[in-house]
Amino acid sequence: MSLDAATIRRIATLARIRVEDHELTSLAAELNGILGWIEQLNEVNVDGIEPLTGAQQMALKMREDDVTDGGYPEKVLANAPDRAGSFYAVPKVVE
Amino acid sequence: MTLTELTIASARQGLREKQFSARELTEAHLAAIDALNPRLNAYVTVTAERALAQADAADAALAAGKLAPLTGIPLAIKDVFCTEGVRTAAGSHILEPFVPPYESTVSANLLRDGAIFLGKTNMDEFAMGSSNMTSAYGPVANPWTRRQDNAALLVPGGSSGGSASAVAARIAMGATGTDTGGSIRQPASFCGIVGMKPTYGRCSRWGVVAFASSLDHPGPFGRTVEDCAILLGSMAGHDPKDSTSADVPVPDFAAACRRGVKGLRIGVPREYRMDGMPEDIERLWRQGLDWLRDAGAEIVDVSLPHTKYGLTTYYIVAPAEASSNLARYDGVRFGLREDGADLRDLYERTRAAGFGAEVRRRVLIGTYVLSAGYYDAYYLRAQKVRALILRDFTEVFVHVDALVTPTAPSAAFAQGENMDDPIKMYLNDVFTVPANMSGVPGISVPAGLDANGLPLGLQVLAKPFDEETVFTVGAALERTAQFHASPQIRAGA
């Protein structure tokens, strides 16, 4: 399958990356090249194979559901581009 | 004695015997950085004052007889490891203002063991690349140049290109890297040094800027196999802050370097014989197998039938995880912000301005393969092929103790080469990616030079949590290869 400009725009919106109109053609060519190459996975017979999510070969450890960290808002907010008190600040969302 | 030429093992000895101080060792490296970094661009940040303070503390500890495994050893840290109070940008413009208020577990472990940090090293943006050309902080030069054309700057490989270049040029004694598809082993091969990717879960990922969480492996660079073993011994260990960190004992990796290979069964995967692979690499591979046979190992032909699907599987799984991990860069909590008309416009402008072309490409691919209607066809299918790749390794390690292959299908190429087609660049990782898909440990050891005088590495893989066999076989190759060539650009040259 081949991605057209409208699909690229939809993906870019999902990814929250602004893409300018003049970039759509070259971006479509790049992404279609990669997706075309990836198509070779269709030759593999995966019937009855369980998907593998990760490389760790052991069960994840459980722990008590306790708060073990936190309580330092200044550290957490130290890198915020904009803040108001102990909060991150963003453009107005609700009128 | 040229202090910058020492291995970590010999510097440790020298420090203990008071042949030189940690301050002298650190100053020698800082002077070499001043002289060479303008040409190499291996470091993006040099923390000279901090390094000297750490050196003085190391000298005080040495005087008091309080020895830790790395007391007084100057290292470079890939700029993907968060370092408290020191800017960590992961090669990206979007993290340019980011100063972590915490220390990654791996770097904290190195500091606990007495290491000195010279600075942070350059890398491909978010570790996405095989040449260091995608860094927002400029390309890194490989300290090696072609015999016939020493003016052309070569890439150090990637993504840990700055770390590999620094260790090869003797402006760090060792370094940290991360390997998601080959990002430690391929640059080690390109720069003529040793790079080790341990088993998934051996080193904590806590505080490491995430690219693809199920594939990211922190690991060490050194100029010898033993140096990598020493560094990994400090970096490794269980960390409750990383849920995938393995709670298993950390063995004495350095001791494993001194074992022989007599009686070991070494597998040679037939699928790694690729059409169009340079003859120099084929020859070196055969030679490496002969060396191991002469040392008493048994060489066995084996098959990893899904090898050819490793890369394509990777280019679904890694972008999918990246698109999810990189969602955090939104211009709100940390990093770059570009103002917008509303919150959504702010997100979109921030991410457009902050991400480079390769990162944008992978985030878009990842978003697409995870999107409704395409998830099963791409992502789920890739996860199933990933299971088959792991099965190949599980089955082969019933019959052999280790695998030996070339590390990369080429030697270092020139800056700007392989840039016209993303897939051409991706092919660099064809021999390294399967170990990330399966989580098995691997090392690249410099084994010889090609016709242009450029280093080539051989890769050793073993079963999960058997890094000891990786070090044993790697050290045996190193002993026989007697690789003593050094790069044209290096401290003291």
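Please report the net charge: other residues with Cβ closer than 15 Å to the Cβ of A:Thr13, K and R +1, D and E -1. Walk me through the numbers before you get to the answer.
Details: positive: A:Arg9, A:Arg10, A:Arg16, A:Arg18, B:Arg344, B:Arg349, B:Arg351, B:Arg360; negative: A:Asp4, A:Glu20, A:Asp21, A:Glu23, B:Asp330, B:Asp342, B:Asp345, B:Glu348.
Value of the local net charge: 0.
Please determine, in degrees from 0 to 90 and to the nearest 10, the orientation of helix A:5-14 with respect to the longest principal axis defined by the Cα atoms of chain A, where the helix direction is its Cα long axis.
Tilt relative to chain A: about 20 degrees.
How much net charge surrounds B:Ala32 when only the other residues with a Cβ under 12 Å from the Cβ of B:Ala32 are counted, with Lys and Arg +1 and Asp and Glu -1?
On the way: positive: B:Arg39, B:Arg170, B:Arg490; negative: B:Glu5, B:Glu27, B:Asp34.
Summing Lys and Arg as +1 and Asp and Glu as -1 gives 0.
Starting from the alpha-carbon convex hull of the range B:270-429, give the projected area averaged over all orientations, in nm². Could the numbers behind the result be given before it?
Values: hull surface 53.1 nm².
Mean shadow area of the hull around the Cα atoms is 13.3 nm².
Given Cβ point charges of +1 (Lys, Arg) and -1 (Asp, Glu) and nothing else, what value in debye, to the nearest 20, does the dipole of the range B:3-264 about its Cα centre take? Walk me through the intermediate numbers first.
On the way: 23 positive and 24 negative charges, 136 e Å.
Charge dipole of the range B:3-264: 660 debye, to the nearest 20.
What does DSSP give for the range B:3-264 in terms of the percent of beta bridges that are antiparallel, rounded to the nearest 5?
Numbers: 14 of 21 bridges.
Percent antiparallel among DSSP bridges in the range B:3-264 is about 65.
If you stretched the chain out fully between B:Glu5 and B:Arg293, how much longer would it get, using 0.36 nm times the residue separation minus the C-alpha to C-alpha distance?
Values: separation 288, 0.36 × 288 = 103.68 nm, distance 3.15 nm.
Going from the current span to full extension adds 100.5 nm.
Using only the alpha-carbon atoms of the protein assembly as shown, report the extent along each of the three principal axes, biggest first, to the nearest angstrom.
Result, largest extent first: 71, 57, 55 Å.
Over its Cα atoms, what ratio of radius of gyration to 2.2 N^0.38 Å does chain B give? It would help to have the intermediate numbers written out before the result.
Numbers: Rg = 21.2 Å, N = 493, 2.2 N^0.38 = 23.2 Å.
Dividing the Cα Rg of chain B by 2.2 N^0.38 Å gives 0.91.
Taking the 0 to 90 degree range and rounding to the nearest ten, how far is the long axis of helix A:24-38 tilted relative to the main principal axis of chain A, both from C-alpha atoms?
With both axes taken from Cα atoms, the answer is about 70 degrees.
Could you give the size of the charge dipole of chain B about its Cα centre, using +1 on the Cβ of each K and R and -1 on the Cβ of each D and E, expressed in debye and rounded to the nearest 20?
Numbers: 47 positive and 54 negative charges, 66 e Å.
Result for chain B is approximately 320 debye, rounded to the nearest 20.
Shielding of A:24-31 by partners, i.e. mean partner chain Cβ atoms within 10 Å per residue? List each step's numbers first, then the result.
On the way: counts 0, 0, 1, 4, 0, 0, 9, 5.
Taking all residues of A:24-31 together, the mean is 2.
With +1 on each Lys and Arg Cβ and -1 on each Asp and Glu Cβ, and nothing else charged, work out how big the dipole of the protein assembly as shown is about its Cα centre, in Debye to the nearest 20. Provide the component values of the computation, followed by the final result.
Numbers: 56 positive and 70 negative charges, 148 e Å.
Roughly 720 debye for the protein assembly as shown.
Return the ratio Rg/(2.2 N^0.38 Å) for the range B:3-264, where Rg is computed over Cα atoms only.
Details: Rg = 17.1 Å, N = 262, 2.2 N^0.38 = 18.3 Å.
My calculation over the Cα atoms of the range B:3-264 gives 0.94.
Show that you can apply the helix-only estimate: for the protein assembly as shown, add -39,500 (n - 2.57) for every DSSP H stretch of four or more residues, divide by all residues, and state [θ] at 222 nm to the nearest 500.
Working: 19 runs with 212 residues, N = 588.
Computed ellipticity for the protein assembly as shown at 222 nm equals -11000 deg cm²/dmol.
Rank these for me by crowding, B:Phe397, B:Phe221, B:Phe471, going from fewest to most other beta carbons within 10 Å.
B:Phe397, B:Phe471, B:Phe221
Hey, which of these cross-link pairs are over 18 Å Cα-Cα: A:Lys61/B:Lys384; A:Lys75/B:Lys78; A:Lys61/B:Lys241?
The pairs that break the limit, which is 18 Å between Cα atoms, are A:Lys61/B:Lys384; A:Lys75/B:Lys78.
Throughout, read-outs are computed from the coordinates displayed, never taken from laboratory work. Being a predicted model, the structure only gives us computed values, none of them experimental. Every residue, glycine among them, receives a Cβ derived from its backbone with ideal geometry; neighbour counts consider all protein chains shown.
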